[in-house]
Structure formats: C-alpha cells, structure tokens
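The values are calculated or read from the model by the stated rules, or taken from the named source; none is laboratory data. No experiment lies behind these values; they were computed from the predicted model shown. Cβ: placed from backbone, ideal geometry, glycine included. Neighbour counts: every protein chain shown. Heavy atoms of the whole protein, side chains included, go into the accessibility calculation; ligands, DNA and RNA do not. Shrake-Rupley method; radii C 1.70, N 1.55, O 1.52, S 1.80 Å.
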Amino acid sequence: MPHKPRTISGVEVTPLCDAVGPMGPTIRRPLTEMFPGGGLADGPWILHFHCYLLRDPAGRVTLVDTGIGGTDSPASSWAPVPGTLPGELAAAGVDPAEIGTVILTHLHSDHASGAVVDGRPLFENARYVLQQAEADAAQGAMLDQILTPIKGQLQVVDGDAEVAPGVHVHLAAGHTPGHQIVRLGELAMTGDLVLHPAQLADPSVHYLYDDDPVKAAATRAEVLGGLRAERAVLATAHFSDPFLEL
Ligand SMILES: [Zn+2]
Ligand SMILES: [Zn+2]
C-alpha cells in the first residue's frame, strides 16, 4: 500500500511502495562491504523501493521513478520482482494515462524498469525526463529494454531544469554519470544520493555500487549540506520511512 501522503507547496505527494525486500544473492554483500567505513554491524538490509506520485491542484500528475518492474525486468536478477507500481497507482486512484511527466532519477534497474511493460511505455501520455549524461551512458538491458522503448517520449535535460510547474531537477552525479535529484518546495526526492542512514551521519561513507565513489561522496556531502541548511524534507528511494526531516 502507498505510504501516507503529504502536501508540499499545495501538491499532494504520495510515496508509492513498489517493493520491500533484501537484495538477491547475485549482488548482496555484507553491509561492511556495501558501506565500507560506515561502522555498520553485519545483518540483513531490507530495502524499500519507493516512487513518488505528485498531484497538483490543477490536476497535473508527475511520477518520480518507476521501480523494479515486472518478472521479466532487468532488475529480476537481484530485486524482489514483480514490483507493485501499477497496483500502487490504482490504490492512489491514478490511471497511468493521467501521468504527464515521469522523472527518472537514473537508469538503474530498480528505478527505471517499471517505465516499460511488455516492451511498451506504461505511461503513454508522459514525457520521460532524464539527464543527458545518463542517456549517453546507457548500455545493456537498460538501453535495450527500457530506454529504447521510451525514446520517442524522452525529454533530455542537461543540469538544472523545471520539468513541471514547481518541480525542478538538478544533476547530482557520482552514483551514476547523470544521476539527478528532484525538488518540490522544501521536499528533495534524492534517488540514490543516499542509500543507507549511515551516509546521512557521514556522507563520506562510500556505497559499493556507486559508479564513481569519490565523486558520489563529494556530491552527497555538498547536496546534503545544502539541504540541511535549508531544513529540507528528504524523500529517499530505499529508507523504510519515505520522508525524513533534516
Ligand atoms: Zn515503503
Ligand atoms: Zn542506483
């Protein structure tokens, strides 16, 4: 079921809980290897996989990330597929055809795979917003099974952009080359800028699956520092609590 919504700048924000579970054995490692130097004791890491649904008073609907996808998704080798995004949208009272903007924070298989069902874009009337650097770096299954089918609906941006009224994207690279975060008023939907609460306590803690761990840590420190200074509300993909006051 979706988590409890919040209203931010007049926009209703509903966290959709696409899946909850551990990583599969193909990529699971002890937490001490996943977050070296994070001071974590080893133990199970149960991830939530969140997407965020934004509904403004004018009826515009925006979706941030699309989750892990179906049983045939590129995430199926490691994530608890199938994701429940279509059911989560129905529970929130939204038809996929109503969604005008889909923002993909990055092209990892647990964030973008739900964009395509049976080889076709699930959100037939949406623009799919992606950073140029992320589109340029796409390869393998994410290119063939996800990016290629949505190519005709892609809105490629470079850096900062307002992609729906009051909804801004900002390049926050490191986790992937074109990783972006999304702002709506005091809310920051941060994709995989932060994977585990240990990185809130110490942004320099690396994550094993950051493409560029040094750049990711620098970006994390800079962005989190700014968000803390403005007392922003953090909305992460993988924490169990979908909203966190900084
Ligand atoms: Zn959840
Ligand atoms: Zn990622």
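Residues with beta-carbon under 10 Å from that of THR219, excluding THR219: net charge, scoring Lys, Arg +1 and Asp, Glu -1? Net charge around THR219: -1. When both the range 113-165 and the range 171-240 are represented by their alpha-carbon centers, they are found 21 Å apart.
Ellipsoid semi-axes for the range 80-145, based on the Cα gyration tensor and the rule √(5λ), read 21, 14, 10 Å when sorted largest first.
If the label point is 7 Å along Cα→Cβ of GLU33, which residues in the range 72-87 have backbone nitrogen under 19 Å from it? In the range 72-87, the label zone of GLU33 (backbone N under 19 Å from the point 7 Å along Cα→Cβ) covers 77-79. Using the Karplus relation 6.51 cos²θ - 1.76 cosθ + 1.60 with θ = phi - 60°, the per-residue 3J(HN,Hα) values for the range 36-46 come to x, x, x, x, 8, 6, 6, x, x, 10, 9 Hz, with x marking Gly and Pro. Element breakdown for the range 55-139 at a 1.4 angstrom probe: carbon and sulfur atoms account for 47% of the accessible area. Spherically averaged projected area of the convex hull of Cα atoms, the range 108-246: 8.4 nm².
Taken over the range 36-106, the alpha-carbon convex hull comes to 147 cubic angstrom per residue. In the chain, the DSSP-assigned H stretches of four residues or longer account for a calculated mean residue ellipticity at 222 nm of -4500 deg cm²/dmol, using -39500 (n - 2.57) per stretch and the full residue count as denominator. Here's the picture: a label point sits 7 Å out from the Cα of ASN125 along the beta-carbon direction, and within the range 44-60 the residues with their amide nitrogen under 16 Å of it are 54-60. Across the chain, the relative contact order, built from alpha-carbon pairs under 8 Å that are at least six residues apart, equals 17 percent. Applying 0.36 nm per residue to the separation of HIS170 and THR26 and subtracting their alpha-carbon distance, the gain on full extension is 48.7 nm. Accessible area per residue for the chain is 41 Å², calculated with a 1.4 Å probe on protein heavy atoms, without ligands, DNA or RNA. The value for the chain of Rg(Cα) / (2.2 N^0.38 Å) is 0.93.
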